[in-house]
Amino acid sequence: MSEKIYVNILKWGVFASMLSMFLVFKNLLFPYISSKQISFNLIIEILLIFWVALIVKYPQYRPKKSYISFGLLAYFFILVISCFTGADFNLSFWGDVERMLGVFHLLHFLALYFIIVTVFRTREDWRLLLNYIVILASFVSLYAIANNKSDSTFGNPTYTASFFMFSFYFSLLLFFGEKNKYLRWVYGIPLFLSLWSFKESDISGAFVGLGSSFIAMLFLYTLLSSHKKLKIVLAVLFITATIGSVVVLLNQDSAFVRGSALLRPFSEINFNNPTLNTRLISWRAALQDFPNHPLLGSGYGNYSLTFDKYFDPKFYNYTRSETYFDKAHNNIVEIIATTGILGLITYLSIFAAIAYYLIFGYRQKKIGVHEFVLVGCLLTAYFIQLLAAFDALVTYLVSMTTFAYVYYLYNRGSEEDEKKIKKNMDETMVFGSTEIYALVIVGVTMLLIAYQYNVKVYNMLAGTIDGQKAYAEGKVMETIDIYKKTLASGTVLDRDSRSSLINLFAANPAVINSLPVDKREGVINFLVSLVEANVKYNEHDSMMQMMLAQVYNLAAMYYIPSGDQSGDVQKFYEYSDKALKAIDASIEASPRRVPIYFQKAQILLTRGEKEKTIETLQYAASLNPDYPDGFFYLGRAYLLLGQEQEAYDNIGKCIDSPTGGQVINYPDLTRQYLAYYENIKDWPRVIRLYEFLTEQEKDNADNWAQLANFYKEQGDINKARIAAEKAMEIDISLTSSAQDFINSLDR
């Protein structure tokens, strides 16, 4: 095949690969991730066939030696090695569906880099590519604006913020690179759209990254400007921006800062921010674990193991949700935790190589001042932003493009030389024997990879959604049949599909009883086989061991005698013993994660081991006395055991907690506790429970009326008036009595 055809296939393939950022197939599990990554993988795998054939037939296209390429190759080599030395090869190499960032997927981005540096070799090529990305970014922005979705087609505003940082700087590069002084102002449109959508993402880390890059830009232009007056203006702006940033950070809580859409994200960069505190707990865990495997870490993608092992119960003081971190939300911390010092050194070598080429390219006049400043500031913003985030498909697309752009800037020839590249391009269609071998061997290899690791995965993810739909429609046996068929082909990402089915039954164990009697045992055995298969990946995975314990306990409960079956004591204890072993393994992997003890208590209670149940829950509550769930579950256990006084002593502690209403979040439970505390005349807790009820049943006017009466009795006149007005607002038939009540408050 001719040189021209190969080059055009690869260029258009790169353009096509970037369209993956728009894809969202709702029939797939985690559609915002899987739709994009599978599509991107397939395109790159096809392009690799032609890329290898091109560099085999036309040696002049083989990438030149470059420290950037060496840094990338070294980093990816360490990633691969860490897959074998780490705790969970499957998770490291293949990843999971929620992220799709296993080494297998990342290698496709490395391939993208080499394809770009191979065929994008002229100013015209790069002008076209950067324009293309800016146009795509504009469509992403317009979609976000039209649909009022800050995450646009990406599913996460953090990703959009990162992406628009790149599109903003790409627009600036094109603006300064455009020779037509009228045409260049067209780039004001994507510049505005990028900044607007970036602002709407409202991501503090990204704001810090972009803001820091602006200050760096002013500083560099001040140093490098050849115009004295402009240098003075830039210096003043630099000093003003620096001082202004310090002032904003020192006055984060001021009404001006919090009321400004532009400055508000900076107000969240403080130690009172729950998100920052949970991140700090996570990062401390990484530091604690580092001495255990300093060279290669715990294995790429295995950050959750580190987080679980050193989990701090104080985490619950800041949030009750998202308590499992599979990412550090700090690229440097995650790299050193999962790939060790070697991973960090090779990763930083990429940026060191880029800095080297930018600096020496500028000094040798290969790189212009705008290219030097803007690319340097873009990568500064990107690097800083990653100190509070992590990469995803869209950021890998544009970061690899940027790395390739620096490669081009340093290695480019004169405009005349670049014109000769196209003029002298071979257009003959003669196939050489080596070329044919490359096409056949690489083609067969890539097609096998595409089918085994992408097409089959696609079918599995679609089947998983079909199974979930069947379950939502109450077709439980059909759900099981769909999952059996879906998982029969066996893919490297089956873990997530298995987990999705296990979670359905773990969330509602009673659904087993809705099945035909002769089908129940088979379903239980199927669930057991799924969770056992997941645990085999890594026996030190706390979450998987807890899921295993849940399923074993579900199986054990099935063998307890009930109305429609005689039961089997031997099998009950067989599965119950396994459940205890699994939950202890979960606790060993994450000894201070409080909810695991709740699961253990449930297993012990099923076994009738009352004292151990109480001991387990007492220990769980002691891990963090500010976490109300511990007292709630301890109180519930005492109630089940008939120890009412101990029960309500602990439930009372839960009620008193600022987040108690999030734990006691069922009206029936709230009314049950109300009856007790009203009986003993514990009015402060009665009031708290009525406050819970008004949240749980927002349209129930009687709750507000009762609450108003209790507020009045306790002397809180202002709250009594507000509650009465709320009751009157919900039910206008109460207007007269509520108004009389309000009037009585003033007497």
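The values are calculated or read from the model by the stated rules, or taken from the named source; none is laboratory data. Since we're looking at a predicted model, the values are computed, not measured. Neighbour counts run over all protein chains shown; Cβ positions are idealised from the backbone, glycine included.
So which residues in the range 297-353 are farther than 19 Å from SER586 by Cα, more than 20 Å from the chain's Cα centre (by Cα) and in a loop (DSSP other than H, G, I, E, B), if there are any at all?
Passing the criteria: only GLY297.
Within the range 731-742, does at least one residue satisfy the condition of being modelled with pLDDT of 90 or more and under 45 Å from the mean Cα position of the chain (by Cα)?
No, that holds for no residue.
Please find, within the range 474-494, the residue that is surrounded by the fewest Cβ atoms within 10 Å (Cβ to Cβ) out of those that are touching a Ser or Thr at 6+ places or on another chain (Cβ under 9 Å) and farther than 21 Å from VAL97 by Cα.
So, considering only residues that are touching a Ser or Thr at 6+ places or on another chain (Cβ under 9 Å) and farther than 21 Å from VAL97 by Cα, the one surrounded by the fewest Cβ atoms within 10 Å (Cβ to Cβ) is GLY474.
Could you tell me whether any residue of the range 183-190 is under 21 Å from PHE168 (Cβ atoms), buried (at least 19 other Cβ atoms within 10 Å of the Cβ) and not charged (D, E, K, R)?
yes
Check off (1) in contact (Cβ under 8 Å) with a residue 24 or more places away in the chain; (2) at negative phi for PHE30 and give me the number that stays unchecked.
Checking PHE30 against (1) in contact (Cβ under 8 Å) with a residue 24 or more places away in the chain; (2) at negative phi, the one that fails is (2).
Within 30 Å of SER657 (Cβ to Cβ), at pLDDT below 95 and not acidic (Asp, Glu): is that true of ASN251 in this structure?
Taking the combined requirement at face value, the residue does not satisfy it.
Out of curiosity, is LYS726 under 16 Å from PRO684 (Cα atoms) and either modelled with pLDDT of 90 or more or crowded, with 18+ Cβ neighbours inside 10 Å (or both)?
no
Exactly one of (1) crowded, with 19+ Cβ neighbours inside 10 Å; (2) over 22 Å from the mean Cα position of the chain (by Cα); (3) not aromatic (Phe, Trp, Tyr) is unmet by ALA389. Its number?
For ALA389, the failing item is (2).
Just for helices (runs of 4 or more DSSP H) wholly inside the range 661-720: which have at least 1 residues that are of a type in the set (Phe, Trp, Tyr) and surrounded by fewer than 17 Cβ atoms within 10 Å (Cβ to Cβ)?
683-696
What's the number of the condition ALA727 fails, among (1) within 30 Å of GLN602 (Cβ to Cβ); (2) touching a residue at least 24 places away in the same chain (Cβ under 8 Å)?
(1)
With (1) at pLDDT below 95; (2) buried (at least 21 other Cβ atoms within 10 Å of the Cβ) as the list, and SER497 as the residue in question, which single condition is left unmet?
(1)
Identify, please: which residue in the range 419-445 is modelled with pLDDT under 85 and of a type in the set (A, V, I, L, M) and is, among those, farthest from VAL56 (Cα to Cα)?
Across the range 419-445, the extreme among qualifying residues is ILE421.
I'm trying to understand the selection: among the residues of the range 44-58, which are closer than 28 Å to ASP391 by Cα and either without any contact (Cβ under 8 Å) to a residue 24 or more places away in the chain or surrounded by fewer than 20 Cβ atoms within 10 Å (Cβ to Cβ) (or both)?
ILE46, VAL52
I want to confirm something. Restricting to the range 555-600 and keeping residues that are surrounded by fewer than 19 Cβ atoms within 10 Å (Cβ to Cβ) and β-branched (Val, Ile, Thr), which single residue is nearest to GLU521 (Cα to Cα)?
If we take residues in the range 555-600 being surrounded by fewer than 19 Cβ atoms within 10 Å (Cβ to Cβ) and β-branched (Val, Ile, Thr), then ILE560 is nearest to GLU521 (Cα to Cα).
Quick one: count up the residues across the range 395-418 that are more than 30 Å from PRO157 (Cβ to Cβ), at pLDDT 90 or above and either aromatic (Phe, Trp, Tyr) or not in a helix (DSSP H, G or I) (or both).
Summing the residues that are more than 30 Å from PRO157 (Cβ to Cβ), at pLDDT 90 or above and either aromatic (Phe, Trp, Tyr) or not in a helix (DSSP H, G or I) (or both) in the range 395-418 gives 3.
Quick check on this structure: which one of ALA137, ALA74, ALA87 is touching a residue at least 24 places away in the same chain (Cβ under 8 Å), surrounded by fewer than 19 Cβ atoms within 10 Å (Cβ to Cβ) and of a type in the set (A, V, I, L, M, F, W, C)?
Of ALA137, ALA74, ALA87, the one residue that is touching a residue at least 24 places away in the same chain (Cβ under 8 Å), surrounded by fewer than 19 Cβ atoms within 10 Å (Cβ to Cβ) and of a type in the set (A, V, I, L, M, F, W, C) is ALA74.
Could you please find all residues in the range 322-359 being on the phi > 0 side of the Ramachandran plot and surrounded by fewer than 17 Cβ atoms within 10 Å (Cβ to Cβ)?
GLU322
So ALA510 ticks every box in (1) surrounded by 14 or more Cβ atoms within 10 Å (Cβ to Cβ); (2) modelled with pLDDT under 95 but one. Which box is left unticked?
Every listed condition holds for ALA510 apart from (1).
Taking the options PHE266, PHE256, name whichever one is modelled with pLDDT under 80, outside any loop (DSSP other than H, G, I, E, B) and closer than 19 Å to LEU210 by Cβ.
PHE266
Collect the residues in the range 163-204 that are of a type in the set (Ser, Thr, Tyr) and modelled with pLDDT under 95, keeping them in residue-number order.
The answer is TYR182, TYR187, SER194, SER197, SER201, SER204.
If you check ALA53, ALA16, which single one turns out to be out of contact with any Leu (no Cβ under 7 Å at 6 or more places or on another chain), under 22 Å from LEU447 (Cα atoms) and hydrophobic (A, V, I, L, M, F, W, C)?
ALA16
Assuming ALA647 fulfils every condition listed in (1) within 28 Å of THR319 (Cα to Cα); (2) aliphatic (A, V, I, L, M); (3) surrounded by fewer than 16 Cβ atoms within 10 Å (Cβ to Cβ) apart from one, which condition is it?
Tallying (1) within 28 Å of THR319 (Cα to Cα); (2) aliphatic (A, V, I, L, M); (3) surrounded by fewer than 16 Cβ atoms within 10 Å (Cβ to Cβ), ALA647 fails exactly one: (3).
Looking only at residues in the range 100-123 that are within 23 Å of the chain's Cα centre (by Cα) and not in a helix (DSSP H, G or I), which one is nearest to SER500 (Cα to Cα)?
Per the criteria, the residue is MET100.
Yes or no: TYR552 free of Cβ contacts under 8 Å to residues at least 24 places away in the same chain and either surrounded by 23 or more Cβ atoms within 10 Å (Cβ to Cβ) or in contact with a Lys or Arg (Cβ under 9 Å, 6 or more places away or on another chain) (or both)?
no
To keep it simple, each residue is scored yes or no on (1) of a type outside the set (A, V, I, L, M, F, W, C); (2) closer than 24 Å to LYS653 by Cβ; (3) at pLDDT below 95.
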| site | (1), (2), (3) |
| --- | --- |
| LYS578 | yes, no, no |
| LYS581 | yes, no, no |
| ALA601 | no, yes, no |
| GLU611 | yes, yes, yes |
| ALA620 | no, yes, no |
